[in-house]
Structures are given as C-alpha cells and as structure tokens.
Amino acid sequence: MVDEKKIEEEKKEENILAEEVIDIPEEEVKDSSDFAKTSTDDVKKESRKFFKRVAKHENREEEYLFGWKRCMADFENYKKRQMESQKSIGEYLKEDSALQILPVIDNFRSATEHIPPEQKEVPWVVGIMYIQKQLEDILKENGVIEIPVKVGDEFDPNLHEAIANNEKKENSEEESEKKELENKIKKVVLRGYRLGEKVIRAARVIVG
C-alpha cells in the first residue's frame with residue numbers, strides 16, 4: 001500500500017511539473033520574430049553600405065590610376081618636346097655656323113681657282129688648299145652637304161637661284177637657241193649647300 005501511495009504521489013508531482021512548464025507569451029514570441037527580422041534588415045542595410053563604400057573606393061582608385069597615367073603621358077610629351085626643342089636649337093646652331101663658314105670657303109676657292117698650275121705645289125698654296133679642305137670637312141662632319149649641280153642640268157627652283165644674264169643675243173637664231181635652253185643651267189656662279197633635307201643656300205646659277 002505504501003508503494004502504491006508513493007507511486008501516486010510521484011505521478012501527481014509529474015503532472016504538476018508538466019502544468020508548470022513555462023508558457024512563453026505570444027507578445028514575447030512576436031517580439032522575438034520582429035527582432036530577427038530587424039536584425040536581418042540591419043545586416044542587409046549594412047551590407048549595402050559596405051558595398052557602396054567598396055565601389056566608391058574602387059572608383060577613386062580608377063580615378064587615381066587615370067590621373068597617374070595622364071601625368072605620365074604629359075611627362076613623356078614634355079620630354080619629347082624638350083628633345084625636339086634641343087634638336088631644333090642644335091640644327092639652328094649648325095646652320096648659323098655653316099652660313100658663317102661658307103663665305104670663307106668661297107673666298108678660298110676664288111683664290112685657289114686662279115693659281116697657275118705650275119704654282120700649285122708651292123708650300124703657301126698647299127697650305128691654303130689644306131685649310132680650305134679642313135673647313136669643307138668640318139661642314140661635312142656637321143651634316144652640311146654640297147648640292148651637286150653642273151652646266152646643262154635642269155633648273156630646279158627648290159635647289160637653284162637664277163641670277164640675271166647680262167649677255168645680249170645678236171640675232172634670231174641665238175634667240176631660238178635661248179628658248180631651247182631656256183630651263184637649262186648655263187653657268188654655276190656659286191655653289192649651294194643643304195643641311196640634312198633643308199637647303200640652307202641655293203646654288204646661284206645663270207640659266208641659258
């Protein structure tokens with residue numbers, strides 16, 4: 001009997017415990033759901049903010065990279081302009097020096113062309129001709145080249161400068177001959193020179 005009573009008492013205690021199980025109010029359950037939903041929204045919102053910041057930084061990086069490339073391009077262009085400027089200055093100095101030397105060479109040629117053949121081996125004549133050649137070599141070393149021209153060549157206004165011919169024709173036969181040779185070089189008065197592709201002094205010629 002004691003055992004049965006004890007068993008019944010234990011069953012009653014179990015029933016009481018079952019009835020006393022905590023009953024979560026609906027409000028609390030709802031609050032918990034709202035909290036979960038709010039937390040998810042916050043995470044999404046923060047994620048959007050994060051990705052916006054990342055995109056903003058990426059845009060800045062692209063801007064910085066573009067600016068750097070533009071600066072490098074500007075610097076390269078500056079170096080090219082400086083090199084071209086230095087080259088132009090160098091060419092100008094060469095041209096200026098050549099134009100100062102050429103009259104001296106012209107005078108040497110005028111002097112040596114009229115020396116009698118028997119005197120060309122005289123020491124002082126040899127010395128003059130040596131100096132003349134030295135000056136001509138200096139011009140060649142600096143890219144100054146003589147423009148080839150000879151009697152009978154076609155007159156080219158890009159390379160030649162025609163000067164007046166004071167000789168008078170005496171009859172119609174000579175006049176017709178003049179027309180035939182109208183564009184031919186009759187005499188070279190002064191040699192012409194070029195620096196690279198630029199003509200720095202046109203050859204002075206008489207056209208027939």
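The values are calculated or read from the model by the stated rules, or taken from the named source; none is laboratory data. Quick caveat: nothing in here was measured; it's all calculated off a predicted structure. Virtual Cβ from ideal backbone geometry, glycine too; neighbours counted across all protein chains shown.
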Name the residue, out of Gly127, Gly152, Gly143, that is small (Gly, Ala, Ser) and within 37 Å of the chain's Cα centre (by Cα). Gly143
From the list Arg48, Arg60, Arg109, which residue is modelled with pLDDT under 85, under 44 Å from the mean Cα position of the chain (by Cα) and surrounded by 10 or more Cβ atoms within 10 Å (Cβ to Cβ)? Arg60
